[in-house]
Amino acid sequence: MTQQDDVRVEDHRVQAEVRRLGFFAALDSITWHARSQVTEHLADVTAASSRAAYVGWLRRATSGWSVVPLPTGPAATEAWPVAAVDPSCTGVRAMLGADLRDHAPATRPTLVAIPVTAADDVRCAAAAYTVVATAHTVAALGQAVLDLASGFDQPDAGTRYVRRCIDLDAVRDEVRHDLVSWADRTGPAETDRMIRTSLALLETLGTALTITRRRGW
């Protein structure tokens, strides 16, 4: 069973949690542990201590996001259910890759094969939640990173991703409102799958970030 097939299997425990807490509270509750694992790696205050530390953080973040199957492109644009942010927010890999090349021009694009990702409204909603929830973590480092980058030979080089996270975090409440409105319009099977897809995306990212740290990157 593939990851995508797996999240299509209804989980009545998830639906019970939605009935008990409401959609968004259940979403936050069920993904809490996975989000905490991601935060442990991305909210690394030492990332802004030096250029070398920041480049190392970019490498780890790039490697982590490289295996997360986010919907992108025209199909995602057509299915996108969140008005507060546009579908380009899922282009995390491209932003991080460009940031890393600013500091290490010889860096080659990742060779990790990214699974073909369906771009229905459920997966797009899950992707929006994943990206914005993660942006909240990164935004906490934002000012320190921008202060560090102001001293680079090319000021602010390699800060596309951090800047985008700051912007996304600023509309976090609006994204929440849009997702709740989407859940109200759709059925319990779709909200169930969205929650479980969000969890799968965050767990994939957290696991990949853990592996990069073990490798000493």
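The values are calculated or read from the model by the stated rules, or taken from the named source; none is laboratory data. In this text the structure is predicted, and so the values were computed from the model without any measurement. Cβ atoms come from the backbone with ideal geometry, glycine included; neighbour counts cover every protein chain shown.
Numerical summary
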| quantity | calculated |
| --- | --- |
| Some residue of the range 133-153 being touching a Pro at 6+ places or on another chain (Cβ under 7 Å), at pLDDT below 95 and not aromatic (Phe, Trp, Tyr) | yes |
| Some residue of the range 22-35 being in contact with a Ser or Thr (Cβ under 9 Å, 6 or more places away or on another chain) and among the polar types (S, T, N, Q) | yes |
| The range 181-195 - residue that is surrounded by 22 or more Cβ atoms within 10 Å (Cβ to Cβ) and out of contact with any Leu (no Cβ under 9 Å at 6 or more places or on another chain) and, of those, farthest from Ala79 (Cα to Cα) | Asp192 |
| Residue under evaluation Asp120, criteria (1) within 22 Å of Arg176 (Cα to Cα); (2) modelled with pLDDT of 95 or more, criterion not met | (2) |
| Criterion (closer than 25 Å to Arg185 by Cα, surrounded by fewer than 21 Cβ atoms within 10 Å (Cβ to Cβ) and at pLDDT 95 or above) met by exactly one of Ala75, Ala83 | Ala83 |
| Residue among Val38, Val68, Val82 that is farther than 14 Å from Ala126 by Cα and not polar (S, T, N, Q) | Val38 |
| Complete set of residues in the range 161-211 that are in contact with a His (Cβ under 9 Å, 6 or more places away or on another chain) and free of Cβ contacts under 8 Å to residues at least 12 places away in the same chain | none |
| Filtered residue count, the range 158-217, keeping only those that are within 16 Å of the chain's Cα centre (by Cα) and in a helix (DSSP H, G or I) | 32 |
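Yes or no, residue by residue, for (1) of a type outside the set (D, E, K, R); (2) modelled with pLDDT of 95 or more; (3) touching a helix residue (DSSP H, G or I) at 6+ places or on another chain (Cβ under 9 Å):
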site: Thr2; (1), (2), (3): yes, no, no
site: Asp6; (1), (2), (3): no, no, yes
site: Val9; (1), (2), (3): yes, no, yes
site: His12; (1), (2), (3): yes, no, yes
site: Gln15; (1), (2), (3): yes, no, yes
site: Leu21; (1), (2), (3): yes, no, yes
site: Ala25; (1), (2), (3): yes, no, yes
site: Ser36; (1), (2), (3): yes, yes, yes
